Structures are given as structure tokens and as C-alpha cells.
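Remarks on the structure that follows.
The values are calculated or read from the model by the stated rules, or taken from the named source; none is laboratory data. Keep in mind it's a predicted model, so treat the numbers as computed, not measured. Positions of Cβ are backbone-derived with ideal geometry, glycine not excepted, and every protein chain shown enters the neighbour counts.
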């Protein structure tokens, strides 16, 4: 997940990794997927999904619908429309993930955190009405060694038949005092017209995985806090 930041004061547009310490929903229902290799590398946790056999491969591969829950010491990801046969899990090694548990969830099990699916972009799914997915899913439950913020990046391989989630981590101390830490209420109040501007701007632009934050650098001190 990336964040696009547009500074109205300087006209500069920058892209940066979006590290979070909160729950979030991303992706959409796509082809049937099978959980593949799960491994850790350096400071990242990597999950591989392969397109299931006998799929009608039309419309292009999409990131699977995924809900993430986070609290101190634990990160959990439930990925929908995914099953698992045999899954290889590597030794976590030096990665902040201390232990990994994989749970296969039947299609009739209700979705986790229905309210999050109905919340608005960029953290929620913006789904409306009754939500009843009725698809199998997989939950990856990760016990963390330390308090960290997380970022999820994506890669497609094997002629777009394989998707990888690359979950990176950053110590809390490195994430504090910058825009990554803004919660819903602060983001709602971070309007570009503060300071006498006339034009109203939307806070976010619905790019696929990159919330766009509009701000005026004159509103911030050198540490990037309001």
C-alpha cells in the first residue's frame, strides 16, 4: 500500500510506503485462489497465492478481498475466496513475526468486523446493504515480537497467475510523529482550505491502493505534525 501526498504549498507530489497501526480492508473478490508458500525474508513476511485450476481467466487478476486486524503484539489477515491444500511455512528467523498460525474458514462463516467493510475509503471497504460473501477464506494470524507498524505491498508473477503479499514492518518509534499516524478524526479535519483558501478539495482520491492526501506544508512544523 502506498500513499500519494500532494503539497498544495509547493505543488510537489510524492509517493511513499503507507505504514499502519490499525485495521483496514483492501482488495476485491477475484478468481478462486489457493494459498501457496508462506515465508519470511529480512524484515518482511511474504504470502503467495496461486490461481486455482479450472478458472475462467477473464477480466484480469485482482488483489483478493482482505481484512486486516491489528493490536499490540498481533496481526491477523483474513483473505477471502482463498483455500489451502498444503502450505509451507518457513522459519520466521529475524523477522518481527514470532509465530504464524493458518486457519481455513468455511464459506458459511460470517465475515470479520462487518462495520469495517462498510466504512469509507481508505481504511474501509465502502460496501453497502447486506454483506454475505459465502466464499471460503483463510486467516493468517501472526504473533509479533515487538510493537511495529505494518505495510502491505503486492507483486504479480508467473504471467499474473501468482500474487504475493509482501508485509513489511517498521518499529513504532520510527513511525511516530508523521502523517502515517493520523487517525480518522485527524484526517477528516486536515482540509487543504485551512488558512483562508477558497476551493474545497476532497481529502482522498480513490486510486486503487494509494490514498491521496492533500495538505499545505505551511500547516506543519518540521516534524510533519499539525
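Residues in the stretch 123-137 that are modelled with pLDDT under 70 and out of contact with any helix residue (DSSP H, G or I) (no Cβ under 8 Å at 6 or more places or on another chain): how many?
Residues that pass the stated criteria total 3.
Taking the stretch 102-158 on its own, how many of its residues are without any contact (Cβ under 8 Å) to a residue 12 or more places away in the chain and outside any loop (DSSP other than H, G, I, E, B)?
The total comes to 3.
For the stretch 53-73, what are the residues that are more than 26 Å from residue 127 (Cα to Cα) and surrounded by 13 or more Cβ atoms within 10 Å (Cβ to Cβ)?
Restricting attention to the stretch 53-73, the residues satisfying the condition of being more than 26 Å from residue 127 (Cα to Cα) are 53-54, 72-73.
73 - this is the single residue of the stretch 53-73 that is more than 26 Å from residue 127 (Cα to Cα) and surrounded by 13 or more Cβ atoms within 10 Å (Cβ to Cβ).
When you scan the stretch 159-199, how many residues do you find that are modelled with pLDDT of 50 or more and either under 21 Å from residue 44 (Cα atoms) or touching a strand residue (DSSP E or B) at 6+ places or on another chain (Cβ under 8 Å) (or both)?
16
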